[in-house]
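*Asks:* Take a look at the following structure, please.
We did not get these values from a lab; they are worked out from the coordinates using the rules stated. Only a predicted model underlies this, so the values are computations on that prediction, with no experimental measurement involved. Neighbour counts run over all protein chains shown; Cβ positions are idealised from the backbone, glycine included.
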């Protein structure tokens, strides 16, 4: 039976809510550390990770406008398959930045629409659950 909830401890070196996510596209995959950010309006992907997954910047035609401290970064829409621990895979839409100065960030569109997420800063853990399975 597939578990419906995964738990992750904060990384000791920076005490931020990072989780490992396996991203895949066109037969290629990579496990990346992603900074869970409930204040991010979109999922963000650095340029190098898109290249690892075989994406071609010039083939993508959907531009994405970022805001905040990433407003100056060029970005395009990229759909990837994401797997967190033993939870079922989902498709996530990313703003693929033409920069490596950004981390992988799961944001409101559409990570927080696909998963129920609980972050405890005081206890230093993150809980990620299948949508409507967390019991919270």
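*Asks:* How would you rank 131, 76, going from fewest to most other Cβ atoms within 10 Å of each one's own Cβ?
*Replies:* Lowest count first: 131, 76.
*Asks:* Within the range 29-72, list the residues whose amide N lies under 15 Å from a label point set 7 Å along Cα→Cβ of residue 101.
*Replies:* Under 15 Å, as judged by backbone N against the label point of residue 101, lie 46-48, 66-72 of the range 29-72.
*Asks:* Given 37 °C and 0.692 mPa s, how large is the Stokes-Einstein diffusion coefficient of the range 3-132 in µm²/s, with Rh as the Kirkwood radius over Cα pairs?
*Replies:* The estimated diffusion coefficient comes to 220 µm²/s.
*Asks:* Rounded to two decimals, what ratio of Rg to Rh does the range 1-66 give with C-alpha atoms and a Kirkwood Rh?
*Replies:* Reported Rg/Rh (Cα atoms, Kirkwood Rh): 1.02.
*Asks:* Any idea how far apart residue 11 and residue 79 come out in nm if each label point goes 7 Å out from Cα toward Cβ?
*Replies:* 3.0 nm
*Asks:* To continue, here is another question. Can you work out the FRET efficiency for the pair residue 28 and residue 65, with r the C-beta to C-beta distance and R0 = 22 Å, to the nearest 0.05?
*Replies:* 0.20
*Asks:* Is the shape of the range 81-136 rounded, prolate or oblate, going by the alpha carbon gyration tensor and its root eigenvalues a ≥ b ≥ c, with a/c under 1.5 for rounded and a/b larger than b/c for prolate?
*Replies:* oblate
*Asks:* Still on this model: Ranking request for peptides 65-72, 109-116, 29-36, 84-91: highest mean number of other beta-carbon atoms within 10 Å first, then the rest in descending order.
*Replies:* Ranking, from highest mean packing down: 109-116, 29-36, 84-91, 65-72.
*Asks:* Let me ask something else about it. How would you rank 42-54, 118-130, 16-28, highest first, on the average number of other Cβ atoms within 10 Å across their residues?
*Replies:* 42-54, 16-28, 118-130
*Asks:* Continuing with this model, one more query. Which of 98, 13 comes first, and how do the rest follow, when ranked by fewest Cβ neighbours within 10 Å?
*Replies:* Starting with the residue having the fewest Cβ neighbours, the order is 13, 98.
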